[in-house]
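The block underneath contains the structure these notes are about, expressed in structure tokens.
Where a number appears in this text, it was derived from the coordinates with a stated rule and is not lab data. Keep in mind that what you see is a predicted model, and the values were worked out from it rather than measured. A quick note on method: Cβ atoms are made from the backbone with ideal geometry, for glycine too, and the neighbour counts reach across all protein chains shown.
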């Protein structure tokens, strides 16, 4: 497509002489702009993808894909309903739960907590929890010897393995002297750390029989959690699950309960993409201005090439290659830098925190305890295609001007 002569002249024009230093500076700034734009786009998109995937895996790993909730305060005759759910094709597991808000106290400290009563076998089948036990074991929990507490919650209360935590329910017991808050102490038999601040600092798991006694729900639960084989098929799975419920309860899936959260992430992701694309667009305009200056500066050279037999197509290809090479090199450097940065972003964060002594990623604000990143090959390819497209488009007008230059007029004014 490009001859050796055209490549030689195009790359020669990239190496400006001393008196043409300003032109080379513009080309360098254009290359740096594309490098920074592409690299930043890849890093930001990877971090946003990582946030979504990490939050989704933790939220669904702890809460399930669907929740069957009673119209009243409790769901009775739940075992036949759970069995009907398990027979539905695509349903992986059905978990009985009792859920309630409490005040947790220990060693003079107090904080709000969410108690979730589950069976020991069900909690053992949740990899997110079973694979992230910090201390203790799930065997004691399954035997009903105590409760499972988030590691951050335990540290906030100053409690450890074997210590007792007092749980105070707002739904007290009615007496002749008024309503007395229901308070009971339970030993900690295990702690967990799933890597999500909200869960690690507020969740308490209690064996289902103990939860039924504590919340006074004998032979009843507050709901069922359903795990399916593919979270994205939740819309398809709603119909058979609703038929199994048969109007005895209402169904809420993860998209409904977390819609505001993931919609906000998607909007932020799209806005960041548009803003960072402007960096690439500015760099493309720099290519245009730099090439126009090169064409103006090389007017005599173009005229000589034309008189020696170079066609307009050759002149156009020379300057197209001159500008396109800036876009190609900048894009390749941006991809390499962006992918390398995104792949090691948490290690870089830890290094910078150690260097500065400041906390750059507060888990209580960001929900996660580490900075995630997921590099999507399709998105990287889209960023590369967009950047190269803008770079190539930026070279068309200056190349066309160079090809239309009249050799007679160019030599007359030299």
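Worth pointing out:
- Euclidean distance between Cα centres, region 226-271 to region 75-92, Å: 18
- Hydrodynamic radius by Kirkwood, which averages 1/r over all alpha carbon pairs of region 47-110, in angstrom: 15.1
- Antiparallel DSSP beta bridges within the chain, as percent of all bridges there, nearest 5: 85
- Note that the chain, at 20 °C in a medium of 1.002 mPa s, gets a Stokes-Einstein diffusion coefficient of 82 µm²/s from its Kirkwood radius over C-alpha pairs.
- Cα pair count fraction exceeding 24 Å, expressed as % - region 117-213: 22
- Relative contact order of region 158-259, defined on C-alpha pairs under 8 angstrom at six or more residues apart (%): 16
- Short to long, the 10 Å bins of the Cα pair-distance histogram for region 201-265 hold 15, 35, 36, 14, 0 percent of all pairs.
- Rough spin-label spacing in nm, given labels placed 7 Å along Cα→Cβ, for residue 332 and residue 139: 5.9
- Helix axis angle, 4-14 relative to the chain longest principal axis, alpha carbon, degrees: 70
- Computed over the chain, relative contact order equals 28 percent, with contacts defined as Cα pairs under 8 Å that lie 6+ residues apart.
- For the pair residue 233 and residue 258, a Förster radius of 22 Å applied to the C-beta separation gives a FRET efficiency near 0.85, rounded to the nearest 0.05.
- C-alpha long axis of helix 234-245 to longest principal axis of the chain, angle in °: 20
- Efficiency of FRET between residue 396 and residue 270 - r from beta-carbon atoms, R0 30 angstrom, step 0.05: 0.55
- Rounded to 10°, Cα long-axis angle of helix 21-63 versus longest principal axis of the chain: 20
- Residue-averaged 222 nm ellipticity for the chain, from DSSP H runs of 4+ at -39500 (n - 2.57), nearest 500: -18500 deg cm²/dmol
- C-alpha center-to-center spacing [region 34-56, region 118-165] in angstrom: 34
- Relative to the compact-globule estimate of 2.2 N^0.38 Å, the Cα radius of gyration of region 244-340 comes out at 2.09.
- Across region 253-305, the convex hull enclosing all Cα atoms gives 65 Å³ per residue.
- Between residue 32 and residue 53, the FRET efficiency from the beta-carbon distance, with R0 = 25 Å, is close to 0.20.
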